[in-house]
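Below: one structure, written as structure tokens.
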Amino acid sequence: MPEEQSQTIMAIDELQAIIQRCQILEEADFRGEDFNLFQVAGQKCLEDGYAAQLLEVVQNEKNKLCNAKELFLGLLEQIEQTSGEQVCQTVMLLLQPLQTVLFKLQNKKAYSVGLSLAMIMNQLTPLPVPYTKQQMQEDKLGLCQCCNAVVDFAKPFVNEVVKSMEKSSECSDMELKEELLKFCMKSLKYPLLTAQLEQLESIEDHPFRRFATEIIGILWDMREFIPLVFLHHKGRSPSWENEEFEDIERKNSADSLACLAYLMFVHCFGIDCFPMVFSPSYLLQRNMTHIEVLLKRTEESVLSKGLDLFESSLLRMEDNSLLHQYLEFSDFITVPQNLVKVMTLCPIEHLRKKSLNILQLFINKFDAEGKYTLFRCLLKTSNHAGVEGYIIQNIKDQIHLSLTKVCDNSWFTGHHLISLLDLVLLLPEGAETDLLQNSDRIMASLNLLRYLIIKDSEYNNQTGVWTMLAKIEQNFLKPLHVGLNMSKAHYEAEIKNKKENRREAHNSNTVCSVTVSGEKMPVMTTEMQLQVLHSALFTFDLIESVLARVEELIEVKIKAVT
């Protein structure tokens, strides 16, 4: 007989021997040492993978061991000591006896229920949450199954609270209700915040969608669902003497409430219970706090939830219906700024593209003054030429709508527009501006100026561009000329230098290393470097050609008037 099998049989035999000895003892004669022996033998069975045999022993009515308090502490110790791949298996094994013991406790029952749920969730939290369909189907660690088993474990205690609330308008067991509420909040943060909750093909009973449904159901039964949906997370957390604890509690609460908003407004969990009396703009305002929380995260599973919640909230609204006064709420400024960071810094392409689409959706919802204010803000804070170029294109579109009388819009003509053009038609660092780095912004500005010169005559001057022409030439066109000349001369000299070095080395595959922001970039051959330099020259030529066309149009218009 193999040695391992022999040791396992010994562990089971030892457990049975302890059980048989304990069965003949009176409860008064049963001591803590006896339970400790049982505990050690049971742990050995768990470690060897014989959980099923141990479960039979625990569930056997003949084997009621020690008093409820001692057994409760022993079971919690078993859960606390387990780790890694054994966590879910151990928890599921001990849930039923733990539930039975909790019902027998005479004192501090609510505290004990809360302690049990907290211990279980703390043990589960380090485990990775299955994200793909395959991972959920495999459920290697048993987390999907375990989460739903924990909900079933909590249900009888929820029923106690519900019955108490039915008897009186005020719950007589507030402590138990609070402990169950803490469990729901923890469950929203883990596993639901990082779980994949989209409906997946070939998975009829999606484990985390089922879990989410159960958690929402508990909140609804305890009459906490609606209050939590409308709870502003900054006012929820309890008072702690230790500021670090208070910050952690506030952050955990914010994550949980953001996940709850996502579940309801994106996947419609509990939507049937939600009063449909609120305007879309009010719901957007309530959700902006949650969106901000989610967009600050970098994990794909959480960041994508923030984008989905933002998009869902915006799609409920009509274009041009969001009043500019909403920009007085700080979230309406910080959220688009966070969105810009996703657009420019997120390494995941589909999230970058989605964030750009959502930014346009956000812009479209505002009234004219709101768009105007938002454009000014983003031009000043984005610090990204591509984003600035995108905003300038949006400004051009709004001017076009105004000039073609599609809408009567004073914010994109006259003195309001002149103030906005002051931010657009200039080089940030004058002639020293890095034209290559700012090429998107510069091209968008030139195209806007070309459009204004063509569409608005000096006689009408609806946009005010002719009034500020001298300023535009001083702050934009002239320094751009100088900058182009300097940049082209520099890059042409670099090209000449590279070619000479290549001839001297007699080797076109000479490599160099480039360091950007302290990070070493992949090595580049001389040919690759020359391609980059020629690409830069092409960009400068493109800018120069549009600049020449703008100056030609200005000259023609001025001559026509004189």
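The values are calculated or read from the model by the stated rules, or taken from the named source; none is laboratory data. Every value quoted in this text rests on a predicted model; they were computed, and no experiment measured them. For neighbour counting, all protein chains shown are included, and Cβ atoms are generated from backbone atoms with ideal geometry for every residue, glycine included. In case anyone asks, the SASA skips ligands and DNA or RNA and just uses the protein heavy atoms, side chains included. Shrake-Rupley method; radii C 1.70, N 1.55, O 1.52, S 1.80 Å.
Any residue in region 325-342 that's free of Cβ contacts under 8 Å to residues at least 40 places away in the same chain: show its pairings with residues that are buried (at least 21 other Cβ atoms within 10 Å of the Cβ) and not in a helix (DSSP H, G or I) at Cβ separation under 9 Å, as long as the two are six or more apart or on different chains. Every condition considered, no pair remains.
With respect to the stated conditions, E311 fails to be farther than 18 Å from A254 by Cβ, touching a residue at least 40 places away in the same chain (Cβ under 8 Å) and under 9 Å from the mean Cα position of the chain (by Cα).
One line per residue, one yes/no per condition, for (1) outside any strand (DSSP E or B); (2) under 22 Å from the mean Cα position of the chain (by Cα); (3) more than 16 Å from L294 (Cβ to Cβ):
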site: E318; (1), (2), (3): yes, no, yes
site: Q325; (1), (2), (3): yes, no, yes
site: Q337; (1), (2), (3): yes, yes, no
site: T344; (1), (2), (3): yes, yes, yes
site: L351; (1), (2), (3): yes, yes, no
site: N357; (1), (2), (3): yes, yes, yes
site: F362; (1), (2), (3): yes, yes, no
site: E369; (1), (2), (3): yes, no, yes
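Scanning region 161-190 for residues that are among the small types (G, A, S) and at pLDDT 95 or above returns a single hit, S187. On inspection, L115 fails the criterion of being assigned to a loop (DSSP other than H, G, I, E, B), closer than 29 Å to G84 by Cβ and modelled with pLDDT of 95 or more. Candidates are the residues of region 69-110 that are of a type in the set (S, T, Y) and under 33 Å from the mean Cα position of the chain (by Cα); the one that is surrounded by the fewest Cβ atoms within 10 Å (Cβ to Cβ) is S83. Residues in region 523-562 that are open to solvent by 60 Å² or more (accessible area, probe 1.4 Å) and at pLDDT below 80: V523, E527, A560, V561, T562. Looking at region 161-206, which of its residues are hydrophobic (A, V, I, L, M, F, W, C), in a helix (DSSP H, G or I) and more than 30 Å from Y131 (Cβ to Cβ)? Scanning region 161-206 gives V161, V162, M165, M174, L176. Among the helices (runs of 4 or more DSSP H) confined to region 387-473, the ones with at least 1 residues that are modelled with pLDDT of 90 or more and among the acidic types (D, E) are located at 414-424, 439-455. Answer yes if at least one residue in region 148-164 is on the phi > 0 side of the Ramachandran plot and either within 32 Å of the chain's Cα centre (by Cα) or free of Cβ contacts under 8 Å to residues at least 12 places away in the same chain (or both), and no otherwise. So far as region 148-164 goes, no, none of its residues is on the phi > 0 side of the Ramachandran plot and either within 32 Å of the chain's Cα centre (by Cα) or free of Cβ contacts under 8 Å to residues at least 12 places away in the same chain (or both).
Within region 426-448, residues that are aromatic (F, W, Y) have Cβ atoms under 8 Å from residues that are open to solvent by less than 60 Å² (accessible area, probe 1.4 Å) and in a helix (DSSP H, G or I) in no pair, counting only partners at least 6 apart in sequence or on another chain. Among the numbered conditions (1) within 26 Å of M486 (Cα to Cα); (2) surrounded by fewer than 16 Cβ atoms within 10 Å (Cβ to Cβ); (3) in contact (Cβ under 8 Å) with a residue 40 or more places away in the chain; (4) of a type outside the set (S, T, Y), tell me where G389 comes up short. The number of the failed condition is (2). Select from region 496-522 the residues that are touching a helix residue (DSSP H, G or I) at 6+ places or on another chain (Cβ under 7 Å) and either modelled with pLDDT of 80 or more or small (G, A, S) (or both) and list them in ascending order. If the condition is that a residue be touching a helix residue (DSSP H, G or I) at 6+ places or on another chain (Cβ under 7 Å) and either modelled with pLDDT of 80 or more or small (G, A, S) (or both), then S508 is the only one that fits.
If the condition is being under 18 Å from L339 (Cα atoms), assigned to a helix (DSSP H, G or I) and open to solvent by 20 Å² or more (accessible area, probe 1.4 Å), then region 245-300 contributes Q285, R286, E292, V293, E300.
Applying the selection to region 162-193, what residues are open to solvent by less than 40 Å² (accessible area, probe 1.4 Å) and within 20 Å of K251 (Cβ to Cβ)?
Passing the criteria: L181, F183, C184, M185, S187, L188, Y190, P191, L192, L193.
Each residue in region 369-384 was checked for being open to solvent by less than 30 Å² (accessible area, probe 1.4 Å) and modelled with pLDDT of 95 or more, and 8 pass. Within the set D48, D34, the sole residue that is at pLDDT below 85, open to solvent by less than 20 Å² (accessible area, probe 1.4 Å), among the charged types (D, E, K, R) and farther than 30 Å from S164 by Cα turns out to be D34.
Would you say T381 is more than 22 Å from N320 (Cβ to Cβ) and either touching a His at 6+ places or on another chain (Cβ under 8 Å) or of a type in the set (V, I, T) (or both)? Against the criterion (more than 22 Å from N320 (Cβ to Cβ) and either touching a His at 6+ places or on another chain (Cβ under 8 Å) or of a type in the set (V, I, T) (or both)), T381 qualifies.
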